[in-house]
Amino acid sequence: MAGRSVTPEQELRIVQTILTLRSLGDAASSERLRRKVRRCLQESTDDDTAIATADQLLRRYTKVVRKLDGSYERERGLRRRRSELETRRASRFVDDEAESDEDEGEDELKGGERPL
């Protein structure tokens, strides 16, 4: 079976990811990525399949790199803080709306109406 190819950009990203994994001390992951890319290029039926498989591998191993260098945890922390901030804003908005509805109800009662 003929070997397939990936885009030059993917090839560069694959090599960079392999080297980054090695520099972060995870030679086993870099070797697994190298073997999986090689297998994908040999076993793919066409270039599009090889490109799609290489994209999946890059996503998976980029996450491994991010976990090793600490950026994954930083991003999770930022997302968590953003989510908490949005939750507090939504809670304040709901509280403000409830207070404003209560104020309107009190104004109507002061107008001479009797409460039920």
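Filtering region 24-47 to residues that are over 12 Å from Tyr61 (Cβ atoms) and polar (S, T, N, Q) leaves Gln42, Ser44, Thr45.
Among the residues of region 30-48, those identified as crowded, with 16+ Cβ neighbours inside 10 Å and either of a type outside the set (D, E, K, R) or modelled with pLDDT under 95 (or both) are Ser30, Leu33, Val37, Cys40, Leu41, Ser44. Taking the conditions (1) within 27 Å of Asp26 (Cα to Cα); (2) outside the structural domain of Gln10 (by TED's automatic domain parsing) in turn, Arg81 satisfies each one other than (1).
The values are calculated or read from the model by the stated rules, or taken from the named source; none is laboratory data. Bear in mind the structure is a predicted one, so any value in this text is a computation, not a measurement. Cβ: placed from backbone, ideal geometry, glycine included. Neighbour counts: every protein chain shown.
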